[in-house]
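Have a look at the structure below, then the notes.
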Ligand code: NDP
């Protein structure tokens, strides 16, 4: 039995790396998927492969969120799963980072995830029992010190607080939705290559994150909300890089 059969998912930053792996896993397990990204060529090709739909979507834009979630509702009739995945990294420590970088990283990660959660809650309230699963991609850097990516780590920390608080809101309101965060350690994607860390030993693979996304998206995790799931093969415990 497919694990997310009949569900409708929207994945941001879906044309590359982790988002692409999430899309492939969700589609394989029976979901209809809205693929959103800034990268139109790769996004459209992926949507075609899975018989899904592509929307050009900058997660910083509230109008783009209306368009993306509106597409899920128009094409597939509902929204069950949102993966807030889009992101970039800027290598800089506290002494070299600029306020402009800090604002950019917050705009994409913190504000983008905030807007996504708002749009998803609105749509999911229309589901019978107000059900749905929001999955926020944070990072190990939100809870462990990686001095070289301070603006990234701070923005990823905001996603954890948002996740906890939204889960509490959902529970207090008696809605049937859930909201959880995944904190991956280093996973081999183009983003990691951008900071020169893609040759480290022991890196995770995008499918490692996609399998966790699949669990959180499916009803197997029905009693899990507000969780912060560290996914790093114990590298932070032993003090390793990846
Ligand atoms: P990739 O660079 O492979 O993919 C990120 C995607 O997000 C790209 O397609 C990118 O488009 C898109 N994107 C960037 N900015 C925006 C925006 N404003 N609106 C919409 N889409 C955007 O990175 P990963 O797959 O590695 O990263 C995915 C998520 O996982 C990110 O949030 C990242 O922080 C997080 N993460 C990654 C880890 C890793 O080790 N790889 C570890 C922990 C967390 P374009 O290429 O056009 O910029």
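Only the coordinates and a few stated rules stand behind these numbers; no lab work does. Owing to the predicted nature of the structure, the values given are computational and were not obtained by experimental measurement. When we count neighbours, we look across all protein chains shown, and the Cβ atoms used for this are built from the backbone with ideal geometry, even at glycine.
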inquiry  = Rounding to the nearest 10 and keeping the result within 0 to 90°, find how far the Cα-based axis of helix 206-217 lies from the longest principal axis of the chain.
reply    = 40
query = Taking the Cα-to-Cβ direction at residue 75 and at residue 104 and moving 7 Å from each Cα, how far apart do the two end points lie in nm?
reply = 2.9
key: FRET efficiency, 1/(1 + (r/R0)^6) with R0 41 Å, evaluated for residue 171 and residue 48 via beta carbons   = 0.60
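Report relative contact order for the chain in percent, whole number only (criteria: Cα-Cα under 8 Å, sequence separation at least 6).
Value for the chain: 20 percent.
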inquiry  = In Å, what Kirkwood hydrodynamic radius results for the range 1-62 from the alpha-carbon pair distances?
reply    = 11.2
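If you scale each eigenvalue of the Cα gyration tensor by 5 and take the root, what three semi-axes come out for the chain, rounded to whole angstrom and sorted largest first?
27, 19, 18
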remark   = Expressed in angstrom and ordered largest first, the alpha-carbon extents of the range 1-112 along the principal axes are 52, 25, 24
inquiry  = Angle check, please: helix 62-76 long axis (alpha carbons) against the longest principal axis of the chain (alpha carbons), in degrees 0 to 90, nearest 10.
reply    = 40
message = Given points 7 Å out from each Cα along the Cα-Cβ axis, report the residue 233 to residue 194 separation in nanometres with one decimal.
response = 2.3
query = Going highest first, how would you order 173-182, 9-18, 157-166 by mean Cβ packing within 10 Å?
reply = 9-18, 173-182, 157-166
task = Using only Cα atoms, locate the centre of the range 34-76 and the centre of the range 211-242, then give the distance between them in Å, rounded to an integer.
result = 26
